[in-house]
Amino acid sequence: MDLRRYRTLVEYDGTDFCGFQRQAQGERTVQETLEQAIQSVTGQRVIVNAAGRTDSGVHASGQVIAFEVGWSHGEATLGRALNANLPCDVAVRDVRLTDSCFHPRFAAHRRTYRYSINNQIEPSPLLRRMTWHRPGSLDLAAMNCASKLLVGRRDFGTFGRPPAGVNTVRQVFAAEWQRQDGLFVFAIEADAFLNRMVRSLVGTLCLVGDGRWSVCDFKQALDAVDRKRSGPAAPPQGLCLVSVVY
């Protein structure tokens with residue numbers, strides 16, 4: 001049977017995964033879980049490529065993957081079969097045939113991440129896996145003033161390390177905070193991201209929000225291109241990969 005390339009959206013709760021990428025030590029990962037499900041359905045061993053290698057504890061509602069497999073029963077049937085063999089914290093949707101050269105990481109033009117903070121005084125058991133519980137006053141206007149400095153093409157070396165090579169220049173298309181029913185939600189869209197970039201930005205922007213840093217302090221740290229100038233990274237559970245644009 002001829003191999004054909006498929007792409008699909010993937011949603012997962014990253015709480016109980018050691019990130020997306022397969023680990024040599026054998027920890028539970030999203031990639032390995034997907035590959036095992038595909039093998040169970042098709043009897044074929046495959047390698048899954050992804051748009052983003054999310055870290056341990058990070059979630060996705062719009063991850064994109066691609067894989068090659070011999071299959072003759074249609075895309076919808078493949079999707080249903082995969083979901084029947086996946087655990088409850090991973091699901092696929094919109095399975096479709098794609099070009100044989102399509103790579104979800106290298107073909108992507110834009111990616112959007114969302115970070116959610118539960119700013120209410122009391123912790124929420126229902127939100128604990130998907131938000132960072134951070135009570136206390138946060139100045140939304142100051143955080144958005146600092147976030148505007150991120151838009152454009154510039155060196156973000158203060159806030160992350162490249163997944164490969166040494167290039168830390170990225171283009172950010174949008175970065176904004178919104179308040180939503182007791183949550184502070186940060187959305188950022190860029191051509192690509194550095195490792196820990198969004199979490200480092202969120203942690204540092206919260207220093208602006210609680211008054212420990214000024215917007216000028218944030219700008220100086222950004223301009224320094226020095227990893228040591230970043231504030232502490234926010235914890236992983238508030239972060240979600242929400243969309244990838246091709």
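The values are calculated or read from the model by the stated rules, or taken from the named source; none is laboratory data. Everything numeric here is computed off the predicted structure, so don't read it as measured data. Cβ coordinates were reconstructed from backbone atoms using ideal geometry, including for glycine residues, and neighbour counts include every protein chain displayed.
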**Odd one out for G74, checked against (1) outside the structural domain of D55 (by TED's automatic domain parsing); (2) on the phi > 0 side of the Ramachandran plot** = (1)
**Message:** Could you list, ordered by first residue, the pairs with Cβ atoms under 8 Å in which the first is in segment 154-165 and among the charged types (D, E, K, R) and surrounded by fewer than 17 Cβ atoms within 10 Å (Cβ to Cβ) and the second is modelled with pLDDT of 95 or more and part of a loop (DSSP other than H, G, I, E, B), at least 6 apart or interchain?
**Reply:** D155/T168; D155/V225; R161/T168; R161/L194; R161/R196
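For segment 26-48, how many residues are among the β-branched types (V, I, T) and assigned to a helix (DSSP H, G or I)? Lay out the reasoning, then the answer.
Pass one, segment 26-48, residues among the β-branched types (V, I, T): 29-30, 33, 38, 41-42, 46-48.
If we keep only those that are assigned to a helix (DSSP H, G or I) too, we end up with 30, 33, 38, 41-42.
Number of matching residues: 5.
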**Request:** Considering only segment 136-160, state which residues are of a type in the set (D, E, K, R) and out of contact with any helix residue (DSSP H, G or I) (no Cβ under 7 Å at 6 or more places or on another chain).
**Result:** K148, R153, R154, D155
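Right, A91: outside any loop (DSSP other than H, G, I, E, B) and loosely packed, with under 12 Cβ neighbours inside 10 Å or not?
So A91 does not fit the description; no.
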**Message:** One residue is enough: does segment 4-17 have a residue meeting the conditions assigned to a helix (DSSP H, G or I), among the hydrophobic types (A, V, I, L, M, F, W, C) and either crowded, with 22+ Cβ neighbours inside 10 Å or at pLDDT 95 or above (or both)?
**Reply:** no
**Request:** Answer yes or no as to whether R134 is in contact with a strand residue (DSSP E or B) (Cβ under 9 Å, 6 or more places away or on another chain), on the phi < 0 side of the Ramachandran plot and without any contact (Cβ under 8 Å) to a residue 40 or more places away in the chain.
**Result:** no
